[in-house]
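The structure appears right after this line, and notes come after that.
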Amino acid sequence: MPREISNKSINDEWRRKVMEISGENVYKCMQCGTCAASCPMAAEIDASPRKIMALIQFGQSEALDMLNTPWVCASCHMCVVRCTRSIDLPRVMEALRQTSLRQNVDHVEPSNLQPEEVVDLPQIAMVSGLRKFTS
């Protein structure tokens, strides 16, 4: 009789995949909030970087799929500079984007952006895009 796969094992595998792609140990995060306090995109994101790390630690991939934080992260590295545990959070955010994209779910379609929207986009988002797609 085939063994049924539980959500726990799927979430454990997802968490391992995020850590493998990012090269970061999410368990190093002690939830101090320094990353959230230094995030320039804090007003635009659904959940703070601290909450994102907690959701990863608990294997809550479904909850993360509902949030815009990995997609809005500017990859400015302010969180990395201030992190007391030296966690490279932009790498974790990139890993979250990659795991989502591997499921063929698009969160942003550039061709659907109106010219008025593009004008109002912060320049740091443009720099972030260059970092994400050229490094």
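The values are calculated or read from the model by the stated rules, or taken from the named source; none is laboratory data. Computed from a predicted structure; not experimentally measured. Please note: Cβ atoms are built from the backbone with ideal geometry, for glycine as well, and neighbour counts cover all protein chains shown. Keep in mind that these areas ignore ligands, DNA and RNA; they rest on the heavy atoms of the full protein, side chains included. Shrake-Rupley method; radii C 1.70, N 1.55, O 1.52, S 1.80 Å.
Observations on the structure shown:
- Accessible area in the full protein assembly, largest first, 1.4 Å probe, for D46, D88: D46, D88
- E13-Q123 FRET efficiency (beta carbon distance; Förster radius 30 Å; 0.05 resolution): 0.20
- Under 17 Å from the Q31 label point (7 Å along Cα→beta-carbon), backbone N, segment 79-97: 84-85
- If a spin label sat at a point 7 angstrom from the Cα of L101 along the line to its beta carbon, the backbone N atoms of segment 47-83 nearer than 16 Å would be those of 69-75.
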